Amino acid sequence: MTFKELRISGPDLAPYVLGEPIYVYDRSIQLGTFDPIHVTRAGTNVHIARFIATRFLKAGTRNIDPLVLLEVISFISERFLAVQTVSFSLRSDVASYEDGLKIASARAALLQRIGTHRVTISPQPDSATPGNFVVHGVWAYNELNLAALGQCLELEREIYRDCEASAPEAARRSLPSRLRRLLSR
């Protein structure tokens, strides 16, 4: 089975209702959850904040945060037509200043590539560790931004498919040679 896109749902795999937490899956494996999405009274703006990765995702070696974020933005823009803007306050809990700044800079660059305006990086208030930054921005639903989102999303899906395809080969290479010979018989 070849990867096409991540699956987005509400609690217990129910259809997603705007304002609930967003559950993100790759097939049947839950990757994580976004905190409940704040929706303005008019329903024209949603606010995405914190993604909580599952232990499964944290144990992995690849970074799929960009794919997860882009899939969620795409999902919202395709299914909730009243939404005109998506705002962000993306946080990471990272112990080192350098790692936190690197993650925040990568997120800011990704948001800018899809047409997000007013992108800023600031230290996370009340943080006990120096590496915690928050990336803010506002993405508007328009033709130009949808095209940019589509291009970035397809690229991230391709990267994910390539990693997925190479994973079995890498796992085989990591087996000790004697065990590999036994398995090949």
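All of the numbers you see were taken from the coordinates with simple rules; none came from a lab. What you see is a predicted model, and the numbers here were worked out from it, not measured in a lab.
The value obtained for the stretch 1-45, namely the Cα convex hull volume divided by the number of residues, is 81 Å³ per residue. Here the stretch 1-91 yields Rg over Rh of 0.96, to two decimals, using C-alpha coordinates and the Kirkwood radius.
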